[in-house]
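The values are calculated or read from the model by the stated rules, or taken from the named source; none is laboratory data. All values reported here derive from a predicted model rather than from experimental measurement. So basically every Cβ, Gly included, is an ideal-geometry build from the backbone, and we count neighbours across all protein chains shown. Keep in mind that these areas ignore ligands, DNA and RNA; they rest on the heavy atoms of the full protein, side chains included. Shrake-Rupley method; radii C 1.70, N 1.55, O 1.52, S 1.80 Å.
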Amino acid sequence: MSVLEKMTSKDAIALEDRYGAHNYHPLPVVLSKGEGVFVWDVEGKRYYDFLSAYSAVNQGHCHPKIVGAMTQQAQTLTLTSRAFYNDMLGKYEKYVTETFGFDKLLPMNTGAEAVETALKICRKWAYEEKGIEENEAKIIVCENNFHGRTTTIISFSNDPVARKNFGPYTQGFIKIEYDSLKALEDTLKENDDIAGFLVEPIQGEAGVYVPSEGYLTKAKALCDKYNVLFIADEVQTGIARTGKMLAVDHENVKPDILILGKALSGGAYPVSAVLADDHIMGVIRPGNHGSTFGGNPVAAAVGMAALKVVKDEKLAENAMRLGELFRKELTNFIPECELVTKVRGKGLLNAILINDTEDSSTAWDICMALKENGLLAKPTHGNIIRFAPPLVMNEEQLMECVSIIISTLKDFRK
Ligand SMILES: *Cc1c(COP(=O)(O)O)cnc(C)c1O
(Lines give C-alpha, C1' and ligand atoms only; values in the text may rest on other atoms or scores of the structure.)
Protein backbone atom coordinates (compact mmCIF):
# COMPACT_ATOMS: atom_id res chain seq x y z
CA MET A 1 0.00 0.00 0.00
CA SER A 2 1.35 3.42 -0.88
CA VAL A 3 1.68 5.78 2.07
CA LEU A 4 -0.20 8.36 0.05
CA GLU A 5 -3.31 6.22 -0.25
CA LYS A 6 -6.08 6.96 2.20
CA MET A 7 -5.90 4.43 4.99
CA THR A 8 -8.44 3.02 7.37
CA SER A 9 -8.08 3.23 11.14
CA LYS A 10 -7.31 -0.47 11.17
CA ASP A 11 -4.43 -0.03 8.69
CA ALA A 12 -2.96 2.90 10.59
CA ILE A 13 -3.07 1.06 13.90
CA ALA A 14 -1.50 -2.03 12.32
CA LEU A 15 1.34 0.07 10.89
CA GLU A 16 2.18 1.68 14.23
CA ASP A 17 1.94 -1.66 15.92
CA ARG A 18 4.32 -3.26 13.43
CA TYR A 19 6.89 -0.48 13.05
CA GLY A 20 6.64 1.67 16.17
CA ALA A 21 7.98 1.03 19.65
CA HIS A 22 5.15 0.12 21.98
CA ASN A 23 5.75 2.89 24.51
CA TYR A 24 2.10 4.03 24.58
CA HIS A 25 -1.27 2.34 24.84
CA PRO A 26 -3.50 4.64 22.77
CA LEU A 27 -7.25 4.58 22.56
CA PRO A 28 -8.03 2.92 19.20
CA VAL A 29 -8.91 6.06 17.25
CA VAL A 30 -6.83 7.38 14.34
CA LEU A 31 -7.04 11.13 13.93
CA SER A 32 -6.28 12.93 10.71
CA LYS A 33 -7.66 16.43 11.18
CA GLY A 34 -8.28 18.98 13.92
CA GLU A 35 -9.96 22.35 14.17
CA GLY A 36 -10.75 24.23 17.36
CA VAL A 37 -12.36 21.88 19.89
CA PHE A 38 -12.84 19.11 17.31
CA VAL A 39 -10.78 16.31 15.81
CA TRP A 40 -11.78 13.92 13.01
CA ASP A 41 -10.73 10.32 12.47
CA VAL A 42 -9.65 8.92 9.12
CA GLU A 43 -13.18 7.67 8.49
CA GLY A 44 -14.46 11.24 8.89
CA LYS A 45 -16.14 10.86 12.30
CA ARG A 46 -15.98 14.03 14.40
CA TYR A 47 -15.09 14.06 18.10
CA TYR A 48 -14.82 16.61 20.89
CA ASP A 49 -11.21 16.48 22.09
CA PHE A 50 -11.28 16.22 25.88
CA LEU A 51 -7.57 15.63 26.32
CA SER A 52 -6.12 18.49 24.25
CA ALA A 53 -2.85 16.54 23.93
CA TYR A 54 -2.38 16.68 27.72
CA SER A 55 -3.23 20.40 27.71
CA ALA A 56 -0.88 21.37 24.89
CA VAL A 57 -3.75 22.39 22.61
CA ASN A 58 -5.36 24.93 24.95
CA GLN A 59 -5.78 27.36 22.04
CA GLY A 60 -7.66 24.75 19.99
CA HIS A 61 -6.47 22.64 17.10
CA CYS A 62 -4.73 24.39 14.20
CA HIS A 63 -5.44 27.88 15.47
CA PRO A 64 -5.12 30.06 12.33
CA LYS A 65 -3.06 32.76 14.08
CA ILE A 66 -0.57 30.20 15.44
CA VAL A 67 -0.39 28.22 12.20
CA GLY A 68 -0.06 31.52 10.31
CA ALA A 69 2.89 32.65 12.44
CA MET A 70 4.47 29.23 12.11
CA THR A 71 4.19 28.95 8.32
CA GLN A 72 5.37 32.51 7.77
CA GLN A 73 8.44 31.97 9.93
CA ALA A 74 9.04 28.51 8.42
CA GLN A 75 9.28 30.11 4.99
CA THR A 76 11.75 32.72 6.25
CA LEU A 77 14.21 31.14 8.68
CA THR A 78 13.82 27.96 10.72
CA LEU A 79 17.06 27.25 12.53
CA THR A 80 20.34 29.01 13.13
CA SER A 81 21.37 27.25 16.36
CA ARG A 82 22.48 29.49 19.18
CA ALA A 83 25.95 29.72 17.65
CA PHE A 84 24.53 32.83 15.98
CA TYR A 85 21.83 35.28 16.98
CA ASN A 86 18.46 35.26 15.25
CA ASP A 87 16.05 38.17 14.94
CA MET A 88 13.11 36.40 16.66
CA LEU A 89 14.47 35.01 19.93
CA GLY A 90 15.02 38.31 21.72
CA LYS A 91 11.53 39.54 20.84
CA TYR A 92 10.06 36.28 22.11
CA GLU A 93 12.09 36.39 25.33
CA LYS A 94 10.98 39.98 25.97
CA TYR A 95 7.33 39.10 25.32
CA VAL A 96 7.27 36.00 27.54
CA THR A 97 9.26 37.46 30.44
CA GLU A 98 7.00 40.55 30.45
CA THR A 99 3.91 38.35 30.31
CA PHE A 100 4.92 36.34 33.36
CA GLY A 101 6.96 38.94 35.24
CA PHE A 102 10.46 37.46 35.23
CA ASP A 103 13.86 38.92 34.26
CA LYS A 104 15.07 36.10 32.03
CA LEU A 105 13.98 33.09 29.96
CA LEU A 106 15.96 30.02 28.94
CA PRO A 107 14.41 28.39 25.85
CA MET A 108 14.11 24.63 25.43
CA ASN A 109 11.82 22.33 23.42
CA THR A 110 10.03 19.72 25.52
CA GLY A 111 8.63 19.82 29.03
CA ALA A 112 11.08 17.25 30.34
CA GLU A 113 14.01 19.28 29.01
CA ALA A 114 12.69 22.38 30.73
CA VAL A 115 12.37 20.46 34.02
CA GLU A 116 15.95 19.18 33.62
CA THR A 117 17.06 22.73 32.93
CA ALA A 118 15.32 24.02 36.06
CA LEU A 119 16.99 21.32 38.16
CA LYS A 120 20.41 22.23 36.77
CA ILE A 121 19.87 25.95 37.41
CA CYS A 122 18.67 25.18 40.93
CA ARG A 123 21.70 23.05 41.75
CA LYS A 124 24.15 25.57 40.33
CA TRP A 125 22.47 28.35 42.28
CA ALA A 126 22.76 26.24 45.44
CA TYR A 127 26.53 25.88 45.06
CA GLU A 128 27.35 29.34 43.79
CA GLU A 129 24.85 31.52 45.64
CA LYS A 130 23.56 29.62 48.65
CA GLY A 131 26.93 28.07 49.44
CA ILE A 132 26.01 24.40 49.66
CA GLU A 133 29.05 22.13 49.50
CA GLU A 134 29.73 20.65 46.06
CA ASN A 135 27.61 17.59 45.18
CA GLU A 136 25.58 17.86 48.39
CA ALA A 137 22.55 19.77 47.09
CA LYS A 138 19.16 18.10 47.48
CA ILE A 139 15.94 18.96 45.76
CA ILE A 140 12.61 18.16 47.41
CA VAL A 141 9.97 16.58 45.13
CA CYS A 142 6.48 15.23 45.78
CA GLU A 143 5.06 11.74 45.80
CA ASN A 144 3.07 10.84 42.69
CA ASN A 145 4.78 13.61 40.74
CA PHE A 146 4.95 13.68 36.98
CA HIS A 147 7.69 15.80 35.45
CA GLY A 148 8.61 13.88 32.29
CA ARG A 149 10.59 10.86 31.15
CA THR A 150 14.33 11.54 31.22
CA THR A 151 16.64 9.43 33.37
CA THR A 152 16.98 12.05 36.11
CA ILE A 153 13.27 12.80 36.21
CA ILE A 154 12.19 9.17 36.44
CA SER A 155 14.79 8.75 39.18
CA PHE A 156 12.46 10.65 41.52
CA SER A 157 9.18 9.26 40.17
CA ASN A 158 7.33 6.69 42.22
CA ASP A 159 5.56 5.14 39.26
CA PRO A 160 7.05 1.64 39.01
CA VAL A 161 6.20 1.33 35.30
CA ALA A 162 8.10 4.54 34.51
CA ARG A 163 11.10 3.56 36.67
CA LYS A 164 11.76 -0.15 36.72
CA ASN A 165 14.94 -1.29 34.99
CA PHE A 166 16.00 2.20 34.01
CA GLY A 167 18.51 2.49 36.87
CA PRO A 168 21.01 3.44 38.16
CA TYR A 169 19.09 6.51 39.21
CA THR A 170 20.18 10.12 39.72
CA GLN A 171 20.84 11.02 43.36
CA GLY A 172 19.95 14.13 45.28
CA PHE A 173 16.17 14.11 45.58
CA ILE A 174 14.00 13.82 48.68
CA LYS A 175 10.42 12.75 48.12
CA ILE A 176 7.70 14.05 50.42
CA GLU A 177 3.94 13.80 50.59
CA TYR A 178 2.12 16.22 48.24
CA ASP A 179 -0.11 18.81 49.86
CA SER A 180 1.60 18.37 53.24
CA LEU A 181 3.12 21.53 54.66
CA LYS A 182 4.28 19.57 57.67
CA ALA A 183 6.28 17.17 55.49
CA LEU A 184 7.82 20.14 53.70
CA GLU A 185 8.72 22.01 56.88
CA ASP A 186 10.11 18.91 58.60
CA THR A 187 12.31 18.18 55.61
CA LEU A 188 13.53 21.78 55.42
CA LYS A 189 14.28 21.76 59.15
CA GLU A 190 16.12 18.46 59.13
CA ASN A 191 18.40 19.17 56.17
CA ASP A 192 20.56 22.21 55.55
CA ASP A 193 21.62 21.26 52.07
CA ILE A 194 18.26 21.80 50.34
CA ALA A 195 18.47 23.73 47.08
CA GLY A 196 14.88 23.68 45.86
CA PHE A 197 11.34 22.38 46.04
CA LEU A 198 9.90 21.14 42.73
CA VAL A 199 6.13 21.00 42.66
CA GLU A 200 3.14 20.79 40.31
CA PRO A 201 0.53 23.37 41.44
CA ILE A 202 -2.07 20.71 40.58
CA GLN A 203 -0.88 17.14 40.00
CA GLY A 204 -2.21 16.45 36.50
CA GLU A 205 -0.99 12.97 35.64
CA ALA A 206 -1.59 11.75 39.20
CA GLY A 207 -5.29 12.33 38.48
CA VAL A 208 -5.89 16.09 38.70
CA TYR A 209 -5.10 16.22 42.39
CA VAL A 210 -5.82 19.77 43.62
CA PRO A 211 -3.95 20.66 46.83
CA SER A 212 -5.65 22.37 49.78
CA GLU A 213 -6.23 26.08 49.50
CA GLY A 214 -3.24 27.99 50.78
CA TYR A 215 -0.80 25.13 50.20
CA LEU A 216 1.18 26.91 47.50
CA THR A 217 1.33 30.22 49.37
CA LYS A 218 2.52 28.57 52.55
CA ALA A 219 4.95 26.28 50.73
CA LYS A 220 6.46 29.32 49.03
CA ALA A 221 6.77 31.11 52.38
CA LEU A 222 8.55 28.07 53.84
CA CYS A 223 10.93 28.02 50.86
CA ASP A 224 11.68 31.71 51.42
CA LYS A 225 12.29 31.13 55.11
CA TYR A 226 14.84 28.39 54.41
CA ASN A 227 16.38 30.10 51.34
CA VAL A 228 15.22 27.30 49.03
CA LEU A 229 14.03 27.85 45.45
CA PHE A 230 10.34 27.23 44.82
CA ILE A 231 10.19 25.62 41.38
CA ALA A 232 6.71 25.44 39.80
CA ASP A 233 6.21 22.91 37.02
CA GLU A 234 3.36 24.55 35.11
CA VAL A 235 3.89 22.51 31.94
CA GLN A 236 0.35 21.14 32.21
CA THR A 237 -1.38 23.65 34.51
CA GLY A 238 -0.02 26.81 32.89
CA ILE A 239 -1.21 28.98 30.00
CA ALA A 240 -4.82 29.50 31.16
CA ARG A 241 -5.73 25.83 31.67
CA THR A 242 -6.90 26.24 35.27
CA GLY A 243 -8.70 29.55 34.81
CA LYS A 244 -5.69 31.81 35.41
CA MET A 245 -2.65 32.37 33.25
CA LEU A 246 -0.74 30.20 35.75
CA ALA A 247 -2.17 27.88 38.40
CA VAL A 248 0.02 29.61 41.01
CA ASP A 249 -1.85 32.85 40.21
CA HIS A 250 -4.85 31.47 42.12
CA GLU A 251 -2.78 32.03 45.25
CA ASN A 252 -0.74 34.98 43.98
CA VAL A 253 2.48 33.03 44.32
CA LYS A 254 5.48 33.98 42.23
CA PRO A 255 7.77 30.97 41.84
CA ASP A 256 11.54 31.42 41.91
CA ILE A 257 11.74 29.22 38.84
CA LEU A 258 8.80 28.74 36.46
CA ILE A 259 8.66 25.85 33.98
CA LEU A 260 6.42 26.13 30.92
CA GLY A 261 5.80 23.82 27.95
CA LYS A 262 2.88 22.20 26.17
CA ALA A 263 0.42 25.08 25.46
CA LEU A 264 3.28 27.57 25.20
CA SER A 265 3.05 26.63 21.52
CA GLY A 266 -0.65 25.83 21.37
CA GLY A 267 0.36 22.32 20.33
CA ALA A 268 1.83 23.43 17.03
CA TYR A 269 5.47 22.78 17.81
CA PRO A 270 7.58 21.67 20.79
CA VAL A 271 8.33 24.83 22.78
CA SER A 272 9.30 24.95 26.45
CA ALA A 273 10.90 27.53 28.67
CA VAL A 274 12.37 28.14 32.10
CA LEU A 275 11.90 31.57 33.64
CA ALA A 276 13.72 33.10 36.60
CA ASP A 277 15.05 36.42 37.82
CA ASP A 278 18.64 37.54 37.30
CA HIS A 279 19.96 36.55 40.73
CA ILE A 280 19.06 32.94 39.85
CA MET A 281 19.39 32.76 36.06
CA GLY A 282 22.71 34.60 36.37
CA VAL A 283 24.42 31.34 37.38
CA ILE A 284 24.03 30.12 33.78
CA ARG A 285 26.97 31.23 31.64
CA PRO A 286 28.11 30.38 28.09
CA GLY A 287 28.68 26.66 27.69
CA ASN A 288 26.81 25.65 30.84
CA HIS A 289 23.67 24.51 29.05
CA GLY A 290 22.14 24.45 25.60
CA SER A 291 20.00 22.89 22.92
CA THR A 292 20.36 22.93 19.14
CA PHE A 293 16.68 23.65 18.59
CA GLY A 294 15.94 25.58 21.80
CA GLY A 295 15.09 29.18 20.98
CA ASN A 296 14.83 28.64 17.22
CA PRO A 297 12.97 31.30 15.22
CA VAL A 298 9.95 29.10 14.47
CA ALA A 299 9.54 28.29 18.16
CA ALA A 300 9.85 31.99 18.99
CA ALA A 301 7.21 32.99 16.43
CA VAL A 302 4.87 30.20 17.49
CA GLY A 303 5.32 30.91 21.21
CA MET A 304 4.50 34.59 20.82
CA ALA A 305 1.45 33.88 18.66
CA ALA A 306 0.21 31.19 21.05
CA LEU A 307 0.42 33.48 24.10
CA LYS A 308 -1.19 36.30 22.20
CA VAL A 309 -4.17 34.08 21.36
CA VAL A 310 -4.58 33.22 25.05
CA LYS A 311 -4.70 36.92 25.97
CA ASP A 312 -6.75 38.18 23.00
CA GLU A 313 -9.39 35.47 23.32
CA LYS A 314 -9.48 35.68 27.12
CA LEU A 315 -8.99 31.94 27.43
CA ALA A 316 -8.24 32.05 31.16
CA GLU A 317 -11.58 33.73 31.89
CA ASN A 318 -13.36 31.28 29.62
CA ALA A 319 -11.68 28.30 31.31
CA MET A 320 -12.66 29.64 34.72
CA ARG A 321 -16.30 30.15 33.79
CA LEU A 322 -16.79 26.91 31.83
CA GLY A 323 -14.88 24.91 34.42
CA GLU A 324 -17.25 26.01 37.16
CA LEU A 325 -20.21 25.11 34.99
CA PHE A 326 -18.74 21.71 34.11
CA ARG A 327 -18.10 20.75 37.74
CA LYS A 328 -21.50 22.03 38.81
CA GLU A 329 -23.32 19.96 36.16
CA LEU A 330 -21.37 16.79 36.91
CA THR A 331 -21.55 17.26 40.67
CA ASN A 332 -25.34 17.48 40.39
CA PHE A 333 -25.37 14.24 38.45
CA ILE A 334 -23.11 12.21 40.76
CA PRO A 335 -25.72 11.36 43.43
CA GLU A 336 -27.76 9.47 40.84
CA CYS A 337 -24.73 7.69 39.36
CA GLU A 338 -23.10 4.71 41.04
CA LEU A 339 -20.18 4.75 38.63
CA VAL A 340 -18.70 8.10 39.67
CA THR A 341 -17.68 9.05 43.19
CA LYS A 342 -16.23 12.51 42.69
CA VAL A 343 -15.51 15.30 40.26
CA ARG A 344 -12.61 17.64 40.95
CA GLY A 345 -10.41 20.17 39.23
CA LYS A 346 -9.82 23.80 38.51
CA GLY A 347 -10.74 25.75 35.41
CA LEU A 348 -10.91 23.28 32.54
CA LEU A 349 -8.53 20.77 34.12
CA ASN A 350 -10.94 18.29 35.68
CA ALA A 351 -11.30 14.62 36.46
CA ILE A 352 -13.93 12.16 37.58
CA LEU A 353 -13.15 9.31 39.93
CA ILE A 354 -14.61 6.01 38.86
CA ASN A 355 -16.09 3.76 41.50
CA ASP A 356 -13.85 0.77 40.83
CA THR A 357 -10.37 -0.53 41.63
CA GLU A 358 -7.26 1.01 40.01
CA ASP A 359 -6.55 -2.17 38.05
CA SER A 360 -10.10 -2.48 36.71
CA SER A 361 -10.86 -1.71 33.07
CA THR A 362 -13.94 0.36 33.93
CA ALA A 363 -12.43 3.80 33.22
CA TRP A 364 -10.96 2.53 29.96
CA ASP A 365 -14.31 1.01 28.96
CA ILE A 366 -16.09 4.29 29.75
CA CYS A 367 -13.58 6.14 27.54
CA MET A 368 -14.33 3.63 24.76
CA ALA A 369 -18.04 4.35 25.16
CA LEU A 370 -17.39 8.11 25.18
CA LYS A 371 -15.43 7.66 21.95
CA GLU A 372 -18.41 5.91 20.38
CA ASN A 373 -20.51 8.88 21.46
CA GLY A 374 -18.12 11.41 19.91
CA LEU A 375 -15.93 12.53 22.81
CA LEU A 376 -12.27 11.60 23.37
CA ALA A 377 -10.84 11.31 26.87
CA LYS A 378 -8.23 9.06 28.45
CA PRO A 379 -7.99 7.35 31.83
CA THR A 380 -5.12 8.29 34.09
CA HIS A 381 -4.02 6.12 37.00
CA GLY A 382 -6.48 3.37 36.20
CA ASN A 383 -9.75 4.59 37.62
CA ILE A 384 -9.60 8.33 36.97
CA ILE A 385 -10.74 10.05 33.76
CA ARG A 386 -9.30 13.47 32.98
CA PHE A 387 -11.45 16.00 31.14
CA ALA A 388 -9.44 18.83 29.58
CA PRO A 389 -10.98 20.25 26.40
CA PRO A 390 -9.41 23.09 24.40
CA LEU A 391 -10.09 26.41 26.12
CA VAL A 392 -11.66 27.91 22.98
CA MET A 393 -14.81 25.91 23.72
CA ASN A 394 -18.07 27.84 24.07
CA GLU A 395 -20.87 27.26 26.56
CA GLU A 396 -23.19 25.55 24.11
CA GLN A 397 -20.46 23.08 23.13
CA LEU A 398 -19.61 22.47 26.76
CA MET A 399 -23.24 21.70 27.59
CA GLU A 400 -23.40 19.28 24.67
CA CYS A 401 -20.30 17.55 26.04
CA VAL A 402 -21.80 17.41 29.52
CA SER A 403 -24.84 15.66 28.08
CA ILE A 404 -22.64 13.21 26.13
CA ILE A 405 -20.71 12.38 29.31
CA ILE A 406 -23.85 12.02 31.45
CA SER A 407 -25.76 9.89 28.94
CA THR A 408 -22.69 7.70 28.38
CA LEU A 409 -22.39 7.12 32.12
CA LYS A 410 -26.14 6.43 32.42
CA ASP A 411 -26.13 3.88 29.60
CA PHE A 412 -22.84 2.27 30.58
CA ARG A 413 -23.02 -1.54 30.82
CA LYS A 414 -26.78 -1.57 30.43
C1 LIG B 1 3.73 16.70 30.20
C2 LIG B 1 4.45 17.16 31.42
C3 LIG B 1 5.86 17.23 31.45
C4 LIG B 1 6.74 16.70 30.35
O5 LIG B 1 6.56 17.34 29.14
P6 LIG B 1 7.07 16.63 27.79
O7 LIG B 1 6.91 17.68 26.75
O8 LIG B 1 6.19 15.44 27.57
O9 LIG B 1 8.49 16.24 28.02
C10 LIG B 1 6.45 17.77 32.57
N11 LIG B 1 5.72 18.19 33.61
C12 LIG B 1 4.37 18.12 33.63
C13 LIG B 1 3.61 18.62 34.81
C14 LIG B 1 3.69 17.60 32.53
O15 LIG B 1 2.35 17.49 32.55
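Of the strands (runs of 3 or more DSSP E) contained entirely in the stretch 340-406, those carrying at least 1 residues that are surrounded by fewer than 17 Cβ atoms within 10 Å (Cβ to Cβ) and basic (Lys, Arg) fall at 340-346. The numbered conditions (1) in a strand (DSSP E or B); (2) open to solvent by 20 Å² or more (accessible area, probe 1.4 Å) are all true for residue 47 except (2).
The single condition among (1) away from the ligand (no atom under 16 Å from the Cβ); (2) over 23 Å from residue 152 (Cβ atoms); (3) assigned to a loop (DSSP other than H, G, I, E, B) that residue 91 does not satisfy is (3). With respect to the stated conditions, residue 353 is more than 17 Å from residue 411 (Cα to Cα) and touching a strand residue (DSSP E or B) at 6+ places or on another chain (Cβ under 7 Å).
Which residue pairs have Cβ atoms closer than 8 Å, lie 6 or more positions apart in sequence or on different chains, and pair a first residue in the stretch 97-113 that is at negative phi and of a type in the set (Asp, Glu) with a second residue that is open to solvent by less than 40 Å² (accessible area, probe 1.4 Å) and more than 16 Å from the ligand (Cβ to nearest atom)? From the stretch 97-113, the pairs are 103/97; 103/276; 103/277; 103/281.
For the stretch 267-284, a tally of residues being away from the ligand (no atom under 14 Å from the Cβ) and not in a helix (DSSP H, G or I) returns 6. The set of residues in the stretch 242-266 being open to solvent by less than 10 Å² (accessible area, probe 1.4 Å) and within 11 Å of the ligand (Cβ to nearest atom) consists of 247, 259, 260, 261, 263, 264, 265.
Kindly indicate whether any position in the stretch 100-123 is loosely packed, with under 14 Cβ neighbours inside 10 Å and more than 30 Å from residue 203 (Cβ to Cβ). There is no residue in the stretch 100-123 that is loosely packed, with under 14 Cβ neighbours inside 10 Å and more than 30 Å from residue 203 (Cβ to Cβ). Quick check on my filter: what residues within the stretch 47-88 are on the phi > 0 side of the Ramachandran plot and either more than 22 Å from the chain's Cα centre (by Cα) or within 16 Å of the ligand (Cβ to nearest atom) (or both)? Residues satisfying the conditions are 52, 53, 54, 55, 81. Taking first residues from the stretch 163-177 that are at positive phi and partners that are charged (D, E, K, R), the Cβ contacts under 6 Å between residues at least 6 apart in sequence or on separate chains come to 172/138. Remark: residue 37 matches the filter, which requires a residue to be touching a His at 6+ places or on another chain (Cβ under 9 Å), more than 16 Å from the ligand (Cβ to nearest atom), closer than 28 Å to residue 209 by Cβ and modelled with pLDDT of 95 or more. All of 330, 325 fail the test of being surrounded by 16 or more Cβ atoms within 10 Å (Cβ to Cβ) and assigned to a helix (DSSP H, G or I), apart from 330.
Starting from residues that are part of a helix (DSSP H, G or I) and open to solvent by 60 Å² or more (accessible area, probe 1.4 Å), keep the ones in the stretch 287-319 and report whichever is nearest to residue 390 (Cα to Cα). Within the stretch 287-319, the match that is nearest to residue 390 (Cα to Cα) is 317. Any residue at all in the stretch 138-149 that's in contact with a helix residue (DSSP H, G or I) (Cβ under 7 Å, 6 or more places away or on another chain), open to solvent by 20 Å² or more (accessible area, probe 1.4 Å) and outside any loop (DSSP other than H, G, I, E, B)? Looking for residues that are in contact with a helix residue (DSSP H, G or I) (Cβ under 7 Å, 6 or more places away or on another chain), open to solvent by 20 Å² or more (accessible area, probe 1.4 Å) and outside any loop (DSSP other than H, G, I, E, B), one finds none in the stretch 138-149, hence no. Among the residues of the stretch 89-131, those identified as of a type in the set (Asp, Glu), over 19 Å from the mean Cα position of the chain (by Cα) and under 24 Å from residue 56 (Cβ atoms) are 93, 98. The combined condition, being open to solvent by 20 Å² or more (accessible area, probe 1.4 Å), closer than 20 Å to residue 381 by Cα, in contact (Cβ under 8 Å) with a residue 12 or more places away in the chain and within 16 Å of the ligand (Cβ to nearest atom), is not fulfilled by residue 24.
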